[in-house]
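Report on the structure given below.
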Amino acid sequence: MRKVLKFLDLHLEELFLGVLLSAIAIIMMAQVIVRYIFNGSIIWSMELCCMCFVYIAFLSTGYCIRYKSFAYLDAITRNFPRKIQNILQYLIWAIMLVFFAYLMVASWQCIITLNERYTAILRIPNSFYYVACFLGFGDGIIRIIQQFYFAFKGKNDDDIKAMEKEFESE
């Protein structure tokens, strides 16, 4: 069970993002083939690809936080001493945590409100788009809390990468 949780901790976002990106590529390739070879159209392809793209956009939030690949004030904070950089980092994480919590609540309200409206072609409830927001911000909150945990435990990026390599070698 612990190995499964560790695997999910390291690769959950990658797994979902890879599946969704592959789905977009396959659907678009099928659309091109049907259009140019059979002179037809897959009418639902654009709507499904758009939905996959929305999920990719929001689910990548947790992935970016996990690997600290957010484009946040890094150019500014890099010019400060290390102690001030750490304080600014905690401040940024705290602001992101509050902001994501607010957006998570707002997306939940949209899920409840828009449940009676449906997409034009696939007839999926419009609230399904906002589920991506809810999941993405929820994952972002979990990853920010994880970053706080690593920081307070005194684990730097090299320690975290070493833990990941240790798991991969098992």
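The values are calculated or read from the model by the stated rules, or taken from the named source; none is laboratory data. Predicted model only: the values in this text are computed from it and were never measured. Glycine also receives a Cβ, built like all others from the backbone with ideal geometry; neighbour counts cover every protein chain displayed. Each accessible area value is taken on the protein alone, full model and side chains, heavy atoms only, with ligands, DNA and RNA left out. Shrake-Rupley method; radii C 1.70, N 1.55, O 1.52, S 1.80 Å.
Nearest 0.05, what FRET efficiency do Arg123 and Met46 give at R0 = 22 Å with Cβ-Cβ as r?
Details: r = 15 Å, r/R0 = 0.68.
It comes to 0.90.
For the chain, report the accessible area per residue in Å² (1.4 Å probe, heavy atoms, rounded to an integer).
Numbers: 11360 Å² over 170 residues.
Ligands and nucleic acids excluded, the result is 67 Å² per residue.
Express the carbon and sulfur contribution to the solvent-accessible surface of the range 13-92 as a percent, rounded to the nearest whole number, probe 1.4 angstrom.
Details: 3930 of 5340 Å².
Answer for the range 13-92 is 74 percent, counting heavy atoms of protein chains only.
Please give the contour-minus-distance gain from Ile76 to Glu14: 0.36 nm per residue of separation, less the Cα-Cα distance, rounded to one decimal in nm. Can you show the working numbers first?
Values: separation 62, 0.36 × 62 = 22.32 nm, distance 2.93 nm.
So the chain would gain 19.4 nm between Ile76 and Glu14.
Give the distance, in whole Å, between the Cα centre of the range 50-89 and the Cα centre of the range 25-47.
Centre-to-centre (Cα) distance: 36 Å.
Shape of the range 74-160 from its Cα gyration tensor (a ≥ b ≥ c, root eigenvalues): rounded if a/c is under 1.5, otherwise prolate when a/b > b/c, or oblate? Show your work: numbers first, answer last.
Working: a/c = 3.32, a/b = 2.88, b/c = 1.15.
Cα axes put the range 74-160 in the prolate bin.
List the relative contact order of the range 1-121 as a percent without decimals, with contacts defined as Cα pairs under 8 Å and 6+ residues apart. Don't skip to the answer; put the middle values down first.
Numbers: 39 pairs, mean separation 30.3, N = 121.
25 percent.
Identify which of the listed values of Rg and Dmax of the Cα atoms in Å was calculated from the structure shown: (i) 22.5, 79; (ii) 19.8, 63; (iii) 29.6, 108.
(ii)
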